[in-house]
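This report concerns only the one structure given below.
The values are calculated or read from the model by the stated rules, or taken from the named source; none is laboratory data. Bear in mind that the values here come from a model prediction, so they are computed numbers and not experimental data. Every residue, glycine among them, receives a Cβ derived from its backbone with ideal geometry; neighbour counts consider all protein chains shown.
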Amino acid sequence: MADYAPQAVTVDGLVATARTAAGGDKLTDPGDRREIRVTNGGGAPITLTITPPGSTDYGVANPAKVFTITNATSRRIPVLAAYGDPADGGKVALTWSATTSVTFEYTRS
């Protein structure tokens with residue numbers, strides 16, 4: 001389990017550090033202009049699930065956001081403040097269907 005802070009994109013650019021996906025990955029400081037770029041280097045599609053905390057106005061749990069990253073591709077995904085869990089310091093938990101050959105970069109601009 002590891003926590004990751006966003007890497008800042010500056011006027012000089014950024015060569016983002018790729019992190020290896022693992023169980024228990026969490027992102028700190030979600031909000032505007034934050035995103036992860038997930039790269040699936042494997043031979044089959046994977047899914048990334050983010051489960052926002054809380055409930056809707058109807059008292060139903062907020063729906064999970066499920067993103068499919070097809071094999072041999074990358075996908076950019078926003079990391080919204082609403083995804084952060086106040087009971088966990090505002091962190092966003094990432095749940096992977098598989099982690100083999102999967103990396104991600106977490107940035108803010």
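Within region 46-55, the residues that satisfy the criterion of being within 15 Å of PRO86 (Cα to Cα) and either in a strand (DSSP E or B) or within 13 Å of the chain's Cα centre (by Cα) (or both) are ILE50, THR51, PRO52, SER55. Residues in region 69-109 that are in a strand (DSSP E or B), surrounded by fewer than 15 Cβ atoms within 10 Å (Cβ to Cβ) and over 12 Å from the mean Cα position of the chain (by Cα): THR73, SER74.
Yes or no, residue by residue, for (1) within 16 Å of GLU105 (Cα to Cα); (2) at pLDDT below 95; (3) part of a loop (DSSP other than H, G, I, E, B):
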{"residue": "PRO30", "(1), (2), (3)": "yes, no, yes"}
{"residue": "ALA44", "(1), (2), (3)": "no, no, yes"}
{"residue": "ASP57", "(1), (2), (3)": "no, yes, yes"}
{"residue": "PRO63", "(1), (2), (3)": "no, no, yes"}
{"residue": "PHE67", "(1), (2), (3)": "yes, no, no"}
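In region 48-66, which residues are surrounded by 14 or more Cβ atoms within 10 Å (Cβ to Cβ) and not basic (Lys, Arg)?
Step one: list which residues in region 48-66 are surrounded by 14 or more Cβ atoms within 10 Å (Cβ to Cβ), which gives 48, 50-53, 65.
Scanning region 48-66 gives LEU48, ILE50, THR51, PRO52, PRO53.
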